[in-house]
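Asker: Below is the structure I would like to discuss, written out as structure tokens.
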Amino acid sequence: MSLKLRRASHLALAFALMSAAVTTSAAAHADISFTSADADMSEHIVVFLDEDADMPAGMSSAMEQTLERALDASGFKSSFGKHQTFYGLEDLPAAVTVIGAGDESLDRRDLHDLGGHLAKVPGGGALTIYTGGLETRVAAPAAELALGYRLGAYSFETYKSKTSEAVRDIIFAGENDDVSEALLEDDYDAVADAVSMTRDLGNAPGLDIYPGSFVERVQAEARGIPNLKVTVMGKRELERAGMGAILGVGKGSVHDPRMMILEYTGAGANDAPLALVGKGITFDTGGISLKPNSGQWMMKSDLSGAAAVGGAVIAAAKRGADINLVGVMPLAENMPDGRAIRPGDVLKTYNGTTIEVMSTDAEGRLLLVDAVPYTVETYEPELVVNIATLTGSAARALSDEYGAVITRDFDLAQDMMDIGDRSGEDVWPLPLHPNHYVQIKSDIADIKSTAGNPGASIGAAVIGTFVDEDQPWVHLDIAGVDWRDSATPTAPKGHAGWGVRFLDQLIRDYEEK
Ligand code: BES
Ligand code: MN
Ligand code: ZN
């Protein structure tokens with residue numbers, strides 16, 4: 001074996017071990033702290049520019065004038081999120097970064113974006129960020145900025161042979177620094193950690209993430225959290241429960257399917273839980289209905305729904321949310337094989353309904369038609385939300401900017417749009433017509449898995465067939481938003497971790513109910 005080859009196999013082994021050992025690649029490359037508004041300036045300071053923003057206490061009017069002259073000379077326009085760094089200005093710290101903070105209407109979501117911009121401020125030394133003035137518009141601006149910073153600073157480095165170990169000191173200087181510190185430590189850090197876990201799972205190759213290793217990773221993250229119970233159903237348990245659809249999808253893979261369940265009890269035993277069910281296809285080749293080559297690699301992220309469910313439940317449990325929650329993650333790998341299911345096969349689902357598989361590439365709904373009725377029957381939830389990278393059709397309709405929400409109750413759809421707006425993860429409704437149910441009648445079984453020109457609504461109708469009219473139910477099709485080809489302030493290129501913040505906001509709203 002040549003030296004080069006040996007090195008390569010060492011790396012392969014290292015990756016296998018890394019995923020087995022369950023690493024976090026999350027960019028914990030910053031040490032975030034909070035201090036009072038009159039903190040001394042470090043060698044690199046950040047100030048926000050808008051009519052309300054206060055300059056640092058230690059900044060004399062002469063220094064302010066120098067900065068203003070530099071701003072004028074550079075033609076800097078302080079529109080929202082724009083930033084520029086000035087070096088070597090007389091009497092000022094070695095580097096001064098200015099960021100446009102927009103106008104009066106600044107909200108939490110805007111601060112998350114500004115925090116994401118902070119993560120792109122050049123240099124590696126300590127950064128002191130003055131938040132003076134922003135607190136008149138958002139209660140704890142430094143905590144919101146810190147959350148945005150963490151989201152924006154994420155990078156997936158598990159498979160890089162060389163990674164930077166450098167840690168940057170991020171110091172927020174402003175009023176109520178203790179409030180912001182507590183909010184980050186007791187709450188927002190858990191959200192950022194959850195988004196990182198979800199992104200890690202979506203970015204990691206199918207070689208390393210399969211049902212068993214997905215479970216290990218989420219288990220590691222869930223360990224030791226009070227009131228959080230983890231259950232994993234293996235092939236045997238799925239067989240005993242009669243989940244023929246999940247088992248069917250997994251038949252072509254060397255990796256058996258699983259169903260992972262997180263139960264968090266943060267409220268009274270009689271409180272109906274909020275239930276979240278996420279599609280967890282660890283790789284989607286399409287099965288016998290094989291997908292075309294181009295872009296197939298991206299199907300390593302077809303577990304986005306399950307990963308978001310795992311992340312959101314763990315984040316809520318970590319902060320001790322006052323709510324009962326159930327997170328259900330059906331997991332399988334969709335592979336073509338001699339043992340794989342065929343188009344035309346009929347599978348018997350958990351509730352006894354039979355389904356004719358028209359395309360083995362419509363596998364996500366097969367996981368959900370077992371998992372959703374199981375969840376409703378077992379937990380009698382107040383609301384069941386399923387989240388899945390279900391159809392290319394949703395992605396084409398709404399592109400990268402909106403997740404699709406489909407529900408029978410338009411009020412619920414509007415609630416979801418409002419939650420999307422506040423969480424920074426937007427959704428927009430797509431329809432579900434009575435005829436969508438008619439279209440999926442099968443000649444030989446109870447229903448078929450696709451029909452006609454199959455789109456997002458047909459996918460929803462297949463799942464809806466398994467949910468009673470009086471059960472509040474929301475379907476989220478996130479095929480377009482889970483993966484980004486270009487970065488936003490709070491999400492890098494690649495897996496977005498979409499859904500953690502949406503579901504987190506949903507959970508917070510239900511805590512208040
Ligand atoms: N995982 C795919 C959907 C998908 C497509 C996600 C693009 C992300 C990006 C899903 O399993 C699938 O293959 N859906 C088919 C359904 C069809 C065969 C009814 C689709 O949308 O083409
Ligand atoms: Mn598919
Ligand atoms: Zn899929």
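The values are calculated or read from the model by the stated rules, or taken from the named source; none is laboratory data. Please read all numbers here as calculations on a predicted model, not as lab measurements. In this analysis, Cβ positions are derived from the backbone assuming ideal geometry, glycine residues included, and neighbour counts consider all displayed protein chains.
Asker: Being over 22 Å from L238 (Cβ atoms) and either crowded, with 22+ Cβ neighbours inside 10 Å or in contact with a helix residue (DSSP H, G or I) (Cβ under 8 Å, 6 or more places away or on another chain) (or both) is true for just one of A307, A316, A388. Which residue is that?
Answerer: A316
Asker: For V467, state whether it is surrounded by 24 or more Cβ atoms within 10 Å (Cβ to Cβ) and either within 12 Å of ligand 1 (Cβ to nearest atom) or under 21 Å from L412 (Cβ atoms) (or both).
Answerer: In short, no.
Asker: Let me ask something else about it. Considering only residues that are within 15 Å of I129 (Cβ to Cβ) and without any contact (Cβ under 8 Å) to a residue 40 or more places away in the chain, which ones fall in the range 86-114?
Answerer: Correct list: L111 only.
Asker: Right, next: Test L228 against the criterion of being at pLDDT 95 or above and crowded, with 24+ Cβ neighbours inside 10 Å, and give yes or no.
Answerer: Answer is no for this residue.
Asker: Pull up the range 479-490, narrow it to residues that are assigned to a loop (DSSP other than H, G, I, E, B) and out of contact with any helix residue (DSSP H, G or I) (no Cβ under 9 Å at 6 or more places or on another chain), then point me to the one that is farthest from ligand 3 (Cβ to nearest atom).
Answerer: Among them, the one singled out is S486.
Asker: How many of the residues in the range 135-147 are more than 27 Å from the chain's Cα centre (by Cα) and either at pLDDT 95 or above or under 22 Å from F86 (Cα atoms) (or both)?
Answerer: Qualifying residue count, the range 135-147: 0.
Asker: Spot the failing condition for V372; the list is (1) outside any loop (DSSP other than H, G, I, E, B); (2) within 15 Å of ligand 2 (Cβ to nearest atom), and only one is missed.
Answerer: V372 satisfies all of (1) outside any loop (DSSP other than H, G, I, E, B); (2) within 15 Å of ligand 2 (Cβ to nearest atom) except (2).
Asker: Could you tell me whether S161 is among the polar types (S, T, N, Q), buried (at least 21 other Cβ atoms within 10 Å of the Cβ) and touching a helix residue (DSSP H, G or I) at 6+ places or on another chain (Cβ under 8 Å)? Full working, then the answer.
Answerer: Details: among the polar types (S, T, N, Q): yes; buried (at least 21 other Cβ atoms within 10 Å of the Cβ): no; touching a helix residue (DSSP H, G or I) at 6+ places or on another chain (Cβ under 8 Å): yes.
Against the criterion (among the polar types (S, T, N, Q), buried (at least 21 other Cβ atoms within 10 Å of the Cβ) and touching a helix residue (DSSP H, G or I) at 6+ places or on another chain (Cβ under 8 Å)), S161 does not qualify.
Asker: Just name the residue that is nearest to ligand 3 (Cβ to nearest atom) out of those in the range 338-383 that are surrounded by fewer than 19 Cβ atoms within 10 Å (Cβ to Cβ) and among the acidic types (D, E).
Answerer: It comes out as D345.
Asker: Please enumerate the residues belonging to the range 375-397 that are within 13 Å of ligand 2 (Cβ to nearest atom) and either basic (K, R) or not in a helix (DSSP H, G or I) (or both).
Answerer: Scanning the range 375-397 gives A388, T389, L390, T391.
Asker: Next question. Does L476 satisfy being under 16 Å from T407 (Cβ atoms) and in contact with a helix residue (DSSP H, G or I) (Cβ under 7 Å, 6 or more places away or on another chain)?
Answerer: Details: under 16 Å from T407 (Cβ atoms): yes; in contact with a helix residue (DSSP H, G or I) (Cβ under 7 Å, 6 or more places away or on another chain): no.
Answer is no for this residue.
Asker: Against the definition (within 16 Å of ligand 3 (Cβ to nearest atom), at pLDDT 95 or above and of a type outside the set (A, V, I, L, M, F, W, C)), how does G403 come out, yes or no?
Answerer: Yes: the conditions hold for G403.
Asker: Being within 11 Å of ligand 1 (Cβ to nearest atom) and closer than 28 Å to L503 by Cβ is the filter; apply it to the range 441-464 and report the residue that is surrounded by the most Cβ atoms within 10 Å (Cβ to Cβ). It would help to see each step written out before you state the result.
Answerer: Within the range 441-464, the subset within 11 Å of ligand 1 (Cβ to nearest atom) is 448-456, 458-459, 462.
Remaining after also requiring closer than 28 Å to L503 by Cβ: 449-450, 454-456, 458-459, 462.
Details: S449: 28, T450: 22, P454: 20, G455: 19, A456: 25, I458: 24, G459: 30, V462: 26.
Ranking the qualifying residues of the range 441-464, first place goes to G459.
Asker: Another question, if that's okay. Quick check on the range 347-362: of everything there that is over 13 Å from I463 (Cβ atoms) and within 29 Å of the chain's Cα centre (by Cα), which residue is farthest from ligand 1 (Cβ to nearest atom)?
Answerer: Once the filter is applied, the top-ranked residue is T360.
Asker: Can you tell me which condition G75 does not meet? The list is (1) modelled with pLDDT of 95 or more; (2) on the phi > 0 side of the Ramachandran plot, and all the others hold.
Answerer: Every listed condition holds for G75 apart from (1).
Asker: Moving on to the next point. What tally of residues in the range 270-297 results from selecting those that are in contact (Cβ under 8 Å) with a residue 40 or more places away in the chain and out of contact with any Phe, Trp or Tyr (no Cβ under 6 Å at 6 or more places or on another chain)?
Answerer: Number of matching residues: 17.
Asker: Working carefully through the options R365, R339, find the one that is within 16 Å of ligand 2 (Cβ to nearest atom) and among the basic types (K, R).
Answerer: That would be R365, the only listed residue that is within 16 Å of ligand 2 (Cβ to nearest atom) and among the basic types (K, R).
Asker: Across the range 440-470, what is the total count of residues that are of a type in the set (S, T, Y), under 30 Å from the mean Cα position of the chain (by Cα) and in a loop (DSSP other than H, G, I, E, B)?
Answerer: Of all residues in the range 440-470, those of a type in the set (S, T, Y) come to 442, 449-450, 457, 465.
Keeping just the survivors that are under 30 Å from the mean Cα position of the chain (by Cα) gives 449-450, 457, 465.
Those still in the list that are in a loop (DSSP other than H, G, I, E, B) too: 449-450, 465.
Counting residues in the range 440-470 that are of a type in the set (S, T, Y), under 30 Å from the mean Cα position of the chain (by Cα) and in a loop (DSSP other than H, G, I, E, B) gives 3.
Asker: From the list Y149, Y130, Y154, pick out the single residue that is crowded, with 24+ Cβ neighbours inside 10 Å, of a type in the set (S, T, Y) and closer than 17 Å to L49 by Cα. Talk me through it step by step, then tell me what you get.
Answerer: Details: Y149 fails: closer than 17 Å to L49 by Cα; Y154 fails: closer than 17 Å to L49 by Cα.
Result: Y130 is the single residue among Y149, Y130, Y154 that is crowded, with 24+ Cβ neighbours inside 10 Å, of a type in the set (S, T, Y) and closer than 17 Å to L49 by Cα.
Asker: Okay, next question. Out of the range 269-289, which residues are modelled with pLDDT of 95 or more, more than 16 Å from ligand 2 (Cβ to nearest atom) and not charged (D, E, K, R)?
Answerer: Within the range 269-289, A272, P273, L274, A275, L276, V277 meet the criteria.
Asker: Now, a different point. Among the helices (runs of 4 or more DSSP H) lying completely within the range 194-309, list those that include at least 3 residues that are away from ligand 3 (no atom under 16 Å from the Cβ) and not assigned by TED's automatic domain parsing to the domain that holds L151.
Answerer: 211-222, 235-241
Asker: Further question: Could you grab me the full set of residues in the range 457-488 that are of a type in the set (F, W, Y) and in contact with a strand residue (DSSP E or B) (Cβ under 8 Å, 6 or more places away or on another chain)?
Answerer: Matches in the range 457-488: W473, W483.
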